[in-house]
1. Please compute P(r) over all alpha-carbon pairs of the range 196-273, binned at 5 Å starting from zero, and give each bin as a whole-number percent.
2. Students often get this wrong, so check it: of LYS269/LYS367; LYS156/LYS219; LYS8/LYS165, which have C-alpha atoms separated by over 27 Å?
3. Note down the Stokes-Einstein diffusion coefficient of the range 119-271 in µm²/s, whole number, using a Kirkwood radius over alpha carbon pairs, 20 °C, and 1.002 mPa s.
4. Quick one: net charge of GLY10's neighbours, Cβ under 13 Å, K/R +1, D/E -1?
5. Which of SER217, SER86 comes first, and how do the rest follow, when ranked by fewest Cβ neighbours within 10 Å?
6. List the relative contact order of the range 228-292 as a percent without decimals, with contacts defined as Cα pairs under 8 Å and 6+ residues apart.
7. Hey, which aspartates and glutamates would be in cross-link range of LYS51, C-alpha to C-alpha under 15 Å, not counting anything within fewer than 8 residues on its own chain?
8. Using only alpha-carbon positions, what ratio does the radius of gyration of the range 329-406 give when scaled by 2.2 N^0.38 Å?
Amino acid sequence: MQTLHASKCGLSTTQLPSYILDVIDSLTKAGYEAYIVGGGVRDLMLGLTPKDFDAVTNATPAQIKEVFGRRCRIIGRRFELAHVYSGRELIEVATFRAPPKKSVTSAAGMILRDNNWGTIEQDFVRRDFSINAMYYQPRKGVVLDFCNAIDDIQTKTLRLLGDPKLRFEEDPVRMLRTLRFAAKLNFSIDPEILKVFTPEATLLLRDVSPHRLYDESQKLFTMGHLNRVLPMLIEFGIWQQLFAEVPAEINQFIERAARNTDQRIQVGKTINPAFFYAVLLWEQFLARCDIYAAKGVVAAEARAQAGLDVLKRQATRTIIPRFAETFIREVWEMQTRLLNPKPQQIELLSNHARFRAGFDFMLLREKSGDESTQGMGSWWDNYQNMSMDEKERVIGQYNRQRNKSRRKSNAVVEDVTESKVSSMIEPLVKESESRSRRPRKPAPSQPYENKRSNPAHARVESGTIHADHPILKRKRVKRDLNSVVFGPTQ
């Protein structure tokens, strides 16, 4: 172990937010050891802005609860730790870990329970990467380096502590973390890791909970280097373990969406990680829609059922939360509504809660060469920047063009229908036969008036009533209408 001066490592308390100093000071005041550890220390030493800070102490979770009271919540069963709240910020506080006295692992070697408390010397061995095993005590101004991690930071090398094969078996998610840190920090991966990082080793991820894999996939999407990590997922065989039916290739649509996501993060804009899932699963959604359409299912029902099918299949690898699934399906549904909107609903549609996400999705499709958008991505892009008068004029132009296209399509359909009917139906009269050669109907045996006055005779001719039938023998009695009284009587 070597003790480094914080100032020589580029560290200072002025770089730290007040909430992490509050946690360190509270634990130290209570008589416990407390350090800042993990990615926060690493990023500060690299000149980056840490996303959050984690603390580690020799106090047990129950003792941490005593120090912070209602501000603390103990979580986790496999890896028990404390969440401490300071205002709106949440700080994860872990206890020093020791090697388990009796290992509780799965058949593949994954650790199922790890709640053995120990010392700081035992704790650093349990950490995964050397660059994440530096302990910073801000009030003393020292950094404890147990594994010569300072050299790995200077040489930009990603190195696992211990045997890489064993560390991957203990927690297969470390394979995802390896690629994430390599892409985010632009570090090279240690050759010892590359020896065991094979497609066969990635099968260990099947033992990891789909909920946890979803959380790890969100970290990949939101780290700001998605465009760099996607090829690495394919190269190392991780892609097939994360995405159920998505082909292991990066098309222009996925690449542009990844680049756009990274740009939004770099300028400080918010992103929804579920949006990239909508991009990844788009082709599978369209394929399922075609299957239902071929079966004669109504278009709206086909889209709804296709969305459920695709997301259910993806849940075998990463379980997407219900609210994220709803977001994805609404983005897909907005593509149909934005493609052919009714003129009277255009303004209302532009104020829809999912309009922005649906519009971004359509514009990305259009810029990626998808001609099925029919230029509506650019149309909506221009529409949002117009004044009210310009919007009314553009809506009128759109309505006229829409009606014109509809009339033209109807005319084409009618022509095609007539040609098909004429080719399929054989004419009743052949062209070689003239009208004069038609056989004439035989002349009636009785005048039309007689048949009308006595319909029974018509039935006699047809053979349904014989001539000796009683109805033919009945005589019709004429009544004297002068004796009939019309109207009310007394």
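1. For the range 196-273, the binned pair fractions read 3, 15, 23, 25, 19, 10, 4, 1 percent.
2. LYS8/LYS165
3. Reported coefficient: 127 µm²/s.
4. It works out to a net charge of +1.
5. Details: SER217 22, SER86 17.
Lowest count first: SER86, SER217.
6. Across the range 228-292, relative contact order equals 28 percent.
7. Answer for LYS51, where 15 Å is the Cα cut-off: ASP43, GLU89, GLU92, listed by chain and number.
8. It is 1.05.
Coordinate-derived values only; no laboratory data. Everything quoted here is computed from the prediction, not taken from an experiment. Reconstructed Cβ throughout: ideal geometry from the backbone, glycine too, with neighbour counts over all protein chains shown.
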